[in-house]
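J.: Below is one structure. I have some questions about it.
The values are calculated or read from the model by the stated rules, or taken from the named source; none is laboratory data. Note that the structure is a prediction, hence the values are computed from the model and not measured. Here Cβ is always computed from backbone atoms with ideal geometry, including for glycine, and neighbour counts include all displayed protein chains.
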């Protein structure tokens, strides 16, 4: 249902800055590429088993992108208040290759937490400060 709503908004030229989605939608490479071809910036949660195109491989597992990443690449940020107070995580991003829009920048963003790590994919027409992507 969410895809139908977003497709309608795109077709009706309703202005939006971003589309966001959880892993149920974000894991779909077809949906991500459809948004990219429609020139819609997006941040999509995905699973650690998803793959992306990198300069090293066509199907590079996203969870492997963060192995051995130096400590300085991880930045502590809050993503807002939750039911139990501030939700604070360490965030890092790794740039990956664009699939359909070489004029856009693409990153895989990881959220590091002892209890619940997460990975998101993002695409944007310009470089975005990491803080804008995580707040």
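J.: Look through 55, 32 and report the one residue that is closer than 21 Å to residue 93 by Cα, assigned to a loop (DSSP other than H, G, I, E, B) and either in contact with a helix residue (DSSP H, G or I) (Cβ under 6 Å, 6 or more places away or on another chain) or touching a residue at least 40 places away in the same chain (Cβ under 8 Å) (or both).
T.: Within the list 55, 32, the selection yields 55.
J.: Moving on. Being closer than 23 Å to residue 103 by Cα and either modelled with pLDDT of 90 or more or touching a strand residue (DSSP E or B) at 6+ places or on another chain (Cβ under 6 Å) (or both) narrows it down to one of 59, 22, so name that one.
T.: The match here is 59.
J.: Of all strands (runs of 3 or more DSSP E) completely enclosed by the range 70-116, which ones contain at least 2 residues that are over 21 Å from residue 51 (Cβ atoms) and in contact with a strand residue (DSSP E or B) (Cβ under 6 Å, 6 or more places away or on another chain)?
T.: 75-82, 85-96
J.: Please go through the range 35-51 and pick out each residue that is closer than 23 Å to residue 11 by Cα, more than 12 Å from the chain's Cα centre (by Cα) and outside any helix (DSSP H, G or I).
T.: 38, 39, 40
J.: Just for the range 32-48: of the residues that are out of contact with any strand residue (DSSP E or B) (no Cβ under 8 Å at 6 or more places or on another chain) and surrounded by 14 or more Cβ atoms within 10 Å (Cβ to Cβ), which one is nearest to residue 62 (Cα to Cα)?
T.: Per the stated criteria, the residue is 33.
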